[in-house]
Every structure is written in structure tokens, then in C-alpha cells.
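Novice: Structure below; questions to follow.
The values are calculated or read from the model by the stated rules, or taken from the named source; none is laboratory data. Since we're looking at a predicted model, the values are computed, not measured. Here the Cβ is made from the backbone with ideal geometry for all residues, glycine too, and neighbour counts use every protein chain on show.
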Amino acid sequence: MLHFVLLIACAVAIYLSCEWFVNAVEWLGERLNVGRMAVGTILAAFGTALPESVVTLVAVTSGATPEAKDIGVGAAMGGPLALATVAYGVTGAMLLLQRRKRRAAAPAGPPASGAADANGDAPLGTERDMRRLAKDQTWFLPVFVVKVALGLVAFAFKPVLGLAFFAVYAVYFWREIRGDHEEDDEGVELEPLKFQPKAASPATWAVVAQTLVTLVVIFFASQLFVHQLDAIGPMLGLSASVTALLLSPIATELPEIMNAVIWVRQGKTKLALANISGAMMIQATVPSGLGLLFTSWHFDSALLWSGVITMAAIGYLLLTMRAHRLTAGRLAVAAGFYVVFGLGLIPILA
């Protein structure tokens with residue numbers, strides 16, 4: 001019972017910390033004078049992915065056995081999988097929920113003319129917005145394909161290629177920071193900083209302090225959450241391998257999922273989607289680079305299956321984005337790929 005109580009307590013702590021974190025990181029973006037979308041793709045994504053990258057670094061550099069080092073490899077594969085499926089799926093579900101609430105509150109009348117599909121589910125933005133989202137996924141997919149391919153081969157200089165993954169993220173980082181963000185028109189008004197709620201323009205030290213404090217809480221709460229899942233899994237009859245491959249990735253990506261939920265609730269859909277795509281780029285490059293440098297980077301059937309499902313999910317999202325047909329409902333469908341992943345694990349781990 002204690003593990004279940006701690007699990008719920010950690011989830012609440014992560015959610016509340018993320019609410020304070022997104023509040024701080026928006027002010028941090030304003031202080032650094034970066035575009036609104038870079039707040040999601042770079043600042044928020046880097047902040048929430050940093051603790052996971054540290055865990056991967058510790059696993060691959062200080063693991064006493066090959067099995068211990070493989071934990072880092074599994075994290076490098078599980079993170080993108082959870083983001084491409086569960087994180088996008090939860091965001092789509094939240095958007096559908098928000099839309100139902102608005103419709104229930106709105107007076108009855110004829111539907112507004114516009115680009116809504118047969119189910120009344122409108123595309124998530126303009127064609128320009130869809131191109132912007134598709135560009136992020138177009139960055140991610142080739143990097144991820146190379147990442148999976150390297151897990152299937154062995155050659156002498158493979159570890160050196162880890163540096164190339166860091167270089168790719170550096171280019172992506174520079175593009176986002178220096179990019180044109182004139183289309184970033186949602187959520188311009190910033191909520192008061194939690195640390196200084198009465199200040200119209202909070203002090204820079206308060207912005208930095210709130211950002212760092214919330215990151216520390218998110219880091220420790222996330223780690224405790226994962227440990228509770230490791231203990232609860234066997235209680236539910238799940239093997240350690242199933243818990244590690246199926247539940248732990250969701251737990252480690254919980255901060256990004258919470259960020260997306262909070263931003264959707266605040267009506268900042270672009271920031272929510274940008275946070276996920278930015279976190280995916282970090283997960284596709286930094287942990288992978290560390291894994292290549294410090295492990296054999298060899299995939300078993302389960303890791304390969306996770307790579308296949310991740311690529312399938314991104315391929316699905318890319319098709320809908322490029323066709324300007326990405327809706328909340330279709331975004332929610334992405335979570336179904338994680339169900340397929342779980343079902344596919346049954347014969348692999350049997």
C-alpha cells in the first residue's frame with residue numbers, strides 16, 4: 001500500500017512542480033529574448049530532459065556490469081517511444097476534453113464554417129503551423145533511423161559516432177534559438193511568476209531560482225516515481241523486464257507529459273506540441289551519443305521492436321501533418337502505437 005501512496009504522491013508533486021516550471025520557463029524565455037516556440041523546443045525540453053540524460057550518463061559510465069550499462073541504452077530508446085506515442089496521445093486526449101468543455105459551455109447554434117473534419121475535429125493550426133511541426137519531426141526521424149541502424153551493426157569506430165549525435169543537437173539548438181518565430185502568437189500574456197505573484201515584471205534571480213528549484217523537485221520526484229513502479233510491477237504480476245520496457249519509459253517522460261497537459265489547459269497548444277518535439281530531439285541525440293560512447297550499443301529484439309514502433313508513430317504523425325490533417329483526435333490515436341508495442345512485447349519476452 002505504501003508504494004501506491006508514494007506513487008500518487010510523486011505524480012502530484014511532479015504535476016505541481018511542472019506547473020511552476022512552465023510558469024518560470026516562459027519568463028526565462030522572455031528574459032533570454034528567445035522565440036515563444038523555442039521556449040517549448042529548447043528551454044522546457046532541455047530542462048525536463050536534463051535529469052533523464054544525467055541518469056543515462058551515470059548508467060553508461062559507472063555501470064559495473066554490461067546489464068547495468070544496458071539500462072542506459074534502454075532509457076535512450078524508451079524515451080522517444082513514450083514521447084512519440086503516449087505524450088502526443090495524452091495531448092490529443094486533453095485537447096478533445098478541452099473542446100468538449102467549450103462546446104458544452106457554448107450556446108447552441110449552427111457550426112462555424114472552417115476546416116473541421118466530418119467529426120467536427122478541426123486541424124491543430126494553419127498550414128504554416130503544420131509545416132513547423134512537420135519540420136521538427138523531419139529532424140527527428142532520420143536521426144532516429146540512424147540510431148536504430150547503429151544498434152544492429154558492430155564496427156571499430158562506432159563509439160566515435162556518438163559525437164555526431166551531439167553535433168546534430170547543437171545544430172538543432174542553434175536553428176531553434178535563431179529561427180524566425182513571428183508565427184508565435186499564442187499565450188503572449190505571461191502569468192505572474194509564482195515566486196513573485198505581485199510583481200508585474202519579476203526579478204531575474206527569482207525566475208532562475210524558480211526554474212532551478214522546480215527542476216530539482218521534478219528530478220527527485222521522477223526518480224522516486226520510477227522506483228515505486230519497479231516495486232509495484234511484480235505486485236501486479238509483471239516481470240521486471242516488462243516493467244522496465246513498458247512502464248518505466250512513461251514514468252521517465254512524465255514531466256514532459258505534465259508540461260503538455262498544463263500548456264493545453266492554459267490554451268497554449270503550440271507550446272505543448274513544441275515541448276514534446278523538442279524533448280524528442282534531445283532524447284534522440286544526447287542519450288544516444290552517451291550510449292554509443294560508453295556501451296556496445298547493441299540492440300536485442302525488444303529494443304529493436306521499440307525502435308520500429310517509434311518510427312511507425314512518427315511516420316503516421318508526419319503524414320497527417322504534411323496533409324494538414326492533424327487533429328486532436330488523430331493526435332490521440334498516437335497512443336495506440338504504445339498499445340501495439342506492449343502487445344508485441346508478449347511473444348518477445350515470453
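Novice: Among all residue pairs at least 6 apart or on different chains, which show Cβ distances below 8 Å where the first residue, located in the stretch 206-221, is buried (at least 22 other Cβ atoms within 10 Å of the Cβ) and the second is not in a helix (DSSP H, G or I)?
Specialist: Final answer for the pair search is 207/193; 207/195; 210/193; 210/194; 210/195.
Novice: Does residue 193 fit the bill of being assigned to a helix (DSSP H, G or I) and of a type outside the set (Phe, Trp, Tyr)?
Specialist: Taking the combined requirement at face value, the residue does not satisfy it.
Novice: Restrict the check to the stretch 42-50 and report whether at least one residue is within 21 Å of residue 75 (Cα to Cα) and surrounded by fewer than 17 Cβ atoms within 10 Å (Cβ to Cβ).
Specialist: Yes, the stretch 42-50 contains a residue that is within 21 Å of residue 75 (Cα to Cα) and surrounded by fewer than 17 Cβ atoms within 10 Å (Cβ to Cβ).
Novice: Identify the residue in the stretch 135-158 that is farther than 19 Å from residue 74 by Cβ and charged (D, E, K, R) and, among all such residues, is surrounded by the most Cβ atoms within 10 Å (Cβ to Cβ).
Specialist: Ranking the qualifying residues of the stretch 135-158, first place goes to 136.
Novice: Just wondering, is there one or more residues in the stretch 289-306 that are among the aromatic types (Phe, Trp, Tyr) and within 18 Å of residue 38 (Cα to Cα)? Break it down into steps so the answer makes sense when it comes.
Specialist: So the first thing to find is which residues in the stretch 289-306 are among the aromatic types (Phe, Trp, Tyr), and the list is 294, 297, 299, 305.
Subsequent filtering for residues that are within 18 Å of residue 38 (Cα to Cα) retains none.
The answer is no; no qualifying residue exists.
Novice: Of 231, 260, which residue is part of a helix (DSSP H, G or I), touching a residue at least 24 places away in the same chain (Cβ under 8 Å) and crowded, with 19+ Cβ neighbours inside 10 Å? It would help to see each step written out before you state the result.
Specialist: Numbers: 231 fails: crowded, with 19+ Cβ neighbours inside 10 Å.
Going through 231, 260 in turn, just one is part of a helix (DSSP H, G or I), touching a residue at least 24 places away in the same chain (Cβ under 8 Å) and crowded, with 19+ Cβ neighbours inside 10 Å: 260.
Novice: Would you check if there is a residue in the stretch 11-30 being buried (at least 23 other Cβ atoms within 10 Å of the Cβ), part of a helix (DSSP H, G or I) and in contact with a His (Cβ under 9 Å, 6 or more places away or on another chain)?
Specialist: Taking every residue of the stretch 11-30 in turn, none turns out to be buried (at least 23 other Cβ atoms within 10 Å of the Cβ), part of a helix (DSSP H, G or I) and in contact with a His (Cβ under 9 Å, 6 or more places away or on another chain).
Novice: I've got another one for you. Please go through the stretch 311-350 and pick out each residue that is without any contact (Cβ under 8 Å) to a residue 40 or more places away in the chain, closer than 12 Å to residue 134 by Cβ and touching a helix residue (DSSP H, G or I) at 6+ places or on another chain (Cβ under 7 Å).
Specialist: If the condition is that a residue be without any contact (Cβ under 8 Å) to a residue 40 or more places away in the chain, closer than 12 Å to residue 134 by Cβ and touching a helix residue (DSSP H, G or I) at 6+ places or on another chain (Cβ under 7 Å), then 320 is the only one that fits.
Novice: Hey, could you check the stretch 1-57 for residues that are modelled with pLDDT under 85 and of a type in the set (D, E, K, R) and say which is nearest to residue 277 (Cα to Cα)?
Specialist: Taking the candidates together, the pick is 36.
Novice: In this structure, does residue 80 turn out to be of a type outside the set (Lys, Arg) and at pLDDT below 80?
Specialist: Working: of a type outside the set (Lys, Arg): yes; at pLDDT below 80: no.
Spelling it out, it is not the case that residue 80 is of a type outside the set (Lys, Arg) and at pLDDT below 80.
Novice: Taking residue 278 as the residue in question, decide whether it is in contact (Cβ under 8 Å) with a residue 12 or more places away in the chain, of a type outside the set (S, T, N, Q) and buried (at least 24 other Cβ atoms within 10 Å of the Cβ).
Specialist: Numbers: in contact (Cβ under 8 Å) with a residue 12 or more places away in the chain: yes; of a type outside the set (S, T, N, Q): yes; buried (at least 24 other Cβ atoms within 10 Å of the Cβ): yes.
When the stated conditions are applied, residue 278 passes them.
Novice: Of all residues being among the small types (Gly, Ala, Ser) and not in a helix (DSSP H, G or I) in the stretch 277-331, which is farthest from residue 175 (Cα to Cα)? Just the residue, please. If you could, list the steps in order and put the result at the bottom.
Specialist: Going through the stretch 277-331, the residues among the small types (Gly, Ala, Ser) turn out to be 277-279, 284, 288-289, 291, 296, 301-302, 306-307, 312-313, 315, 323, 328-329.
Restricting the remaining residues to those that are not in a helix (DSSP H, G or I) gives 296, 323.
Working: 296: 31, 323: 24 Å.
Per the stated criteria, the residue is 296.
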